[in-house]
1. Looking at LEU147, LEU138, which is the one that is out of contact with any His (no Cβ under 7 Å at 6 or more places or on another chain), at pLDDT 65 or above and either outside any loop (DSSP other than H, G, I, E, B) or polar (S, T, N, Q) (or both)?
2. Could you say which residue among ALA65, ALA49, ALA75, ALA98 is modelled with pLDDT of 80 or more and open to solvent by 50 Å² or more (accessible area, probe 1.4 Å)?
3. Among the residues in region 203-212, are any modelled with pLDDT of 65 or more and not polar (S, T, N, Q)?
4. Mind listing whichever residues of region 17-35 are touching a residue at least 24 places away in the same chain (Cβ under 8 Å) and not basic (Lys, Arg)?
5. Anything in region 150-179 that is surrounded by 20 or more Cβ atoms within 10 Å (Cβ to Cβ) and free of Cβ contacts under 8 Å to residues at least 24 places away in the same chain? List them, or say none.
6. Listed residues LEU16, LEU60, LEU40; which is open to solvent by 20 Å² or more (accessible area, probe 1.4 Å) and either outside any helix (DSSP H, G or I) or of a type in the set (A, V, I, L, M) (or both)?
7. What number of residues in region 180-202 are open to solvent by less than 70 Å² (accessible area, probe 1.4 Å) and modelled with pLDDT under 90?
Amino acid sequence: MLEANEPRDLELMRRLSAGDEDAFLEFYRRHQGGVFRYALHMTGRPEAADDVVQETFLTLIRHAAKYDEGKGAPAAFLYGVARNHVRKLHEKERRDLAFPGEEGGEFVLETGAARGNSNGNGRYAAASSGTESVLQGLAKEETILMLRDAVLTLPMDYREPVTLCDLQGKSYEDAAALLACPVGTVRSRLNRARSMLLEKLRSRRTGTGALRAQLGDKP
């Protein structure tokens, strides 16, 4: 729960507001990892997540005095700043750039593993005793990549609860505090998001199975 860290975080925020550099460094160490993981799941790109983390903590340095203890925990304030920077990043990309790998309006996450598995070099074509285990491993990796891709296609309001609850393991209560909304809203958005993900994964699996059938592979 957020409350477990709140007393120390509150002390650090008070000191940070007064310009205490040591307090900032400790607060950064306590929360940098969580903010990075949140930003990574929301953007799908490590470099973008790094930018969000940097901008979030720079904003914290400049505006720590705006934190109001009566409106929530320091972590909720920090995640609010991070959310704003993620939204600004998405707005900028929609305005100025085409998403890499965009096709049919959906953002496709490209990773080294995904590119390597589709290079067509026949690397796994030779029969061997380990062929089945290799194919099973590739199938599992493919499922993970499909899930990550599907999460990135969710609207922001649905991607956030999935990121916080399903990918980062936060409770509904903590997610509600970080998103500044009622617990019931988190639950309903999460249920809707999970349904959307299931539909996306089913359609992608169907498409993958059809392609494999055309290529003479088993689905």
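The values are calculated or read from the model by the stated rules, or taken from the named source; none is laboratory data. What you see is a predicted model; the values in this text were computed from it and never measured. Every residue, glycine among them, receives a Cβ derived from its backbone with ideal geometry; neighbour counts consider all protein chains shown. Remember, those area values only see protein heavy atoms, side chains included, never the ligands or the DNA or RNA. Shrake-Rupley method; radii C 1.70, N 1.55, O 1.52, S 1.80 Å.
1. Values: LEU138 fails: at pLDDT 65 or above.
Matching residue, one of LEU147, LEU138: LEU147.
2. Values: ALA49 fails: open to solvent by 50 Å² or more (accessible area, probe 1.4 Å); ALA75 fails: open to solvent by 50 Å² or more (accessible area, probe 1.4 Å); ALA98 fails: modelled with pLDDT of 80 or more.
Among ALA65, ALA49, ALA75, ALA98, only ALA65 is modelled with pLDDT of 80 or more and open to solvent by 50 Å² or more (accessible area, probe 1.4 Å).
3. So in region 203-212, the residues modelled with pLDDT of 65 or more come out as 203-206.
Imposing the further condition that a residue be not polar (S, T, N, Q) reduces the set to 204-205.
Yes, region 203-212 has at least one match.
4. Within region 17-35, the subset touching a residue at least 24 places away in the same chain (Cβ under 8 Å) is 17, 24, 27-28, 30-32, 34-35.
Listed by number, the residues that qualify are SER17, PHE24, PHE27, TYR28, HIS31, GLN32, GLY34, VAL35.
5. LYS170, ALA175, ALA176
6. Numbers: LEU16 fails: open to solvent by 20 Å² or more (accessible area, probe 1.4 Å); LEU60 fails: open to solvent by 20 Å² or more (accessible area, probe 1.4 Å).
Exactly one residue qualifies, and that residue is LEU40.
7. 2
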